[in-house]
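**Q** Sharing a structure below in structure tokens format, with a few things to ask.
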Amino acid sequence: MAYIKFKNVSKEYENGNILEKALKRISFEIEDGEIVIITGPSTLGKKAIFSILSGASGPTCGEILIDGTKINELKGRNLTKYKRECVGLVFEKDNLLENLTVEENICLYPSENDLDWLLKKMNITNKKDNFPSQLSRKDQQKVAIARAFYKNPKFILCNEPVELLGLKESKQILKLIKEIAKKEKKTIIIITNNIDIAPLANKVIKIKDGLLESIKVNKTPLDVGDLKW
């Protein structure tokens, strides 16, 4: 059974007097431990998928199952528990709390994960007492990624995690995500406009005009160092 399953999912937004159809009865599956990239020209569609998987909003219709749980039916405490325990979020902007140190930002939620290992892997051990404003853009994003992994969620959901970084920094961040995901045995979903990073994924899902345009399986995903864009 698939780890994450979208079944005939639609999502509509009201924009004044206009009803915008972000998703139109799309269906796809993601297996446990896969790295999946969701891309394509449908910006509103990708935004809707992120919103649904993050627990920020539900679908207009359809069903979303994660590890057998119908998350579209979650409410109240169960929805809060899902957000805290099941999904780790990485945003385009780091979304760090400016009045907390690096270590405090990472440890927002209690966890038995190895903080020292994560800090060392991210090469930010000597910056754990710094505040976000004292960090480079790359290091801020490293902290955001460490925070997502530290709470030990069931899967990691990334929205344009390297959009604001240069090529060299982008590759470093993607390599870290892939290496930690392998060690921690996590499912990774990256929502992005950057089709050039698609070869690193096990699966590439393209959304166009709110519809599922294609699903491509990469039998031999590339190493991040071999990506070109």
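Quick note: the coordinates plus some simple rules give every number you see, no bench work behind them. Since the model is a prediction, treat every value here as computed from it, not as a measurement. Here the Cβ is made from the backbone with ideal geometry for all residues, glycine too, and neighbour counts use every protein chain on show.
**Q** Charges only on Cβ, +1 for Lys and Arg, -1 for Asp and Glu: so what's the dipole of the range 2-61 about the Cα centre, in debye to the nearest 20?
**A** Working: 8 positive and 7 negative charges, 45 e Å.
Here the size comes out at about 220 debye.
**Q** Can you compute the FRET efficiency between S54 and N126 using 1/(1 + (r/R0)^6), with r the Cβ-Cβ distance and R0 = 41 Å? Round to the nearest 0.05. Kindly include the intermediate steps, with their values, before the conclusion.
**A** Working: r = 32 Å, r/R0 = 0.77.
With a Förster radius of 41 Å, E is 0.80.
**Q** Where does the charge balance sit around Q172 when Lys and Arg score +1, Asp and Glu -1, over other residues with C-beta under 9 Å from its C-beta?
**A** Working: positive: K138, K142, K168, K171, K175; negative: E169.
Once all neighbours under 9 Å are counted, the net charge is +4.
**Q** Also: Taking amide H positions as placed 1.01 Å from N in the peptide plane, with prolines and chain starts having none, which residues 5 or more places from V90, or on another chain, fall under 5 Å of its amide H?
**A** Answer set, sorted by chain and number: L157, C158, N159.
**Q** Grab the beta carbon distance between N8 and E85, set R0 = 45 Å, and tell me the FRET efficiency rounded to 0.05.
**A** Numbers: r = 27 Å, r/R0 = 0.60.
The formula returns an efficiency of 0.95 here.
**Q** Which Cα, out of S27, S51, S170, lies furthest along the positive dipole direction of the chain (beta carbon charges, K/R +1, D/E -1)?
**A** In the chain, that residue is S27.
**Q** Note down the magnitude of the dipole of the range 72-188 about its Cα centre, charges +1 on Lys and Arg C-beta and -1 on Asp and Glu C-beta and zero elsewhere, to the nearest 20 debye. Please list the in-between numbers first.
**A** Details: 24 positive and 17 negative charges, 87 e Å.
Dipole size: approximately 420 debye.
**Q** Sticking with this one: Roughly how far apart, in whole Å, are the Cα centres of the range 1-54 and the range 163-229?
**A** 17 Å
**Q** Would you mind checking the tilt of helix 137-150 against the longest principal axis of the Cα atoms of the chain, expressed as 0 to 90 degrees and rounded to 10?
**A** 70 degrees
**Q** Taking trypsin sites (Lys or Arg not before Pro) as candidate sites, keep only those in a DSSP loop with at most 11 other Cβ atoms within 10 Å, then name the longest stretch of the chain containing none of them. Walk me through the numbers on the way to the answer.
**A** Values: sites that count: K75, K185, K219, K228.
Segment 76-184 is the longest.
**Q** Over the alpha-carbon set of the range 115-229, work out the extent along each principal axis and list the three values in angstrom, largest first.
**A** Principal axes ranked by extent give 46, 28, 27 Å for the Cα atoms.
**Q** Here's a follow-up. How much FRET efficiency would the formula 1/(1 + (r/R0)^6) give for N99 and S214, where r is the Cβ-Cβ distance and R0 is 41 Å, rounded to 0.05? Before the final figure, lay out each step's value.
**A** Working: r = 44 Å, r/R0 = 1.08.
Result of the calculation: an efficiency of 0.40.
**Q** Pairing the Cα long axis of helix 43-54 with the longest principal axis of the chain, what angle in degrees results, from 0 to 90 and rounded to the nearest 10?
**A** Rounded to the nearest ten degrees, it is 70.
**Q** If one puts a single equal scatterer on every Cα of the range 29-144 and applies the Debye formula without solvent, what log₁₀ I(q)/I(0) results at q = 0.13, 0.19, 0.22 Å⁻¹?
**A** Treating every Cα as an identical point scatterer, log10 I(q)/I(0) equals -0.67, -1.15, -1.26.
**Q** What is the dipole size for the chain, taken about its Cα centre, with +1 at each Lys and Arg Cβ and -1 at each Asp and Glu Cβ, in debye to the nearest 20?
**A** Details: 39 positive and 31 negative charges, 68 e Å.
So the magnitude is around 320 debye.
**Q** Would you mind checking the tilt of helix 167-184 against the longest principal axis of the Cα atoms of the chain, expressed as 0 to 90 degrees and rounded to 10?
**A** 80 degrees
**Q** Using the Kirkwood radius over Cα pairs, work out the Stokes-Einstein diffusion coefficient for the chain at 20 °C and 1.002 mPa s, in µm²/s as a whole number. Numbers along the way, then the final one.
**A** Values: Rh = 18.1 Å.
D, rounded to a whole number, is 118 µm²/s.
**Q** Okay, helix-only estimate at 222 nm for the chain: each DSSP H run of n ≥ 4 adds -39500 (n - 2.57), divide by all residues, round to 500 deg cm²/dmol; what do you get?
**A** On the way: 6 runs with 66 residues, N = 229.
About -8500 deg cm²/dmol.
**Q** What Kirkwood hydrodynamic radius, in Å, does the range 99-182 give when the mean of 1/r is taken over all pairs of distinct Cα atoms and then inverted? Walk me through the numbers before you get to the answer.
**A** On the way: mean 1/r = 0.0772 Å⁻¹.
After inverting the mean inverse Cα-Cα distance, the result is 13.0 Å.
**Q** Positive end of the charge dipole of the chain (Lys, Arg +1 and Asp, Glu -1 on Cβ, about the Cα centre): tell me which of T192, V87, C61 has its Cα farthest that way.
**A** Looking along the dipole axis, the top candidate is C61.
**Q** Moving on. Do the alpha carbons of any pairs in K5/K142; K47/K127; K127/K183; K151/K216; K7/K81; K11/K178 sit beyond 27 Å of each other, and which pairs?
**A** Too far apart for the 27 Å limit: K5/K142; K47/K127; K151/K216; K11/K178.
**Q** Still on this model: Below 8 Å, C-alpha to C-alpha, sequence gap of six or more: please give me the relative contact order for the chain in percent. The partial results should precede the final answer.
**A** Values: 429 pairs, mean separation 61.9, N = 229.
Once divided by the residue count of the chain, the mean separation gives 27 percent.
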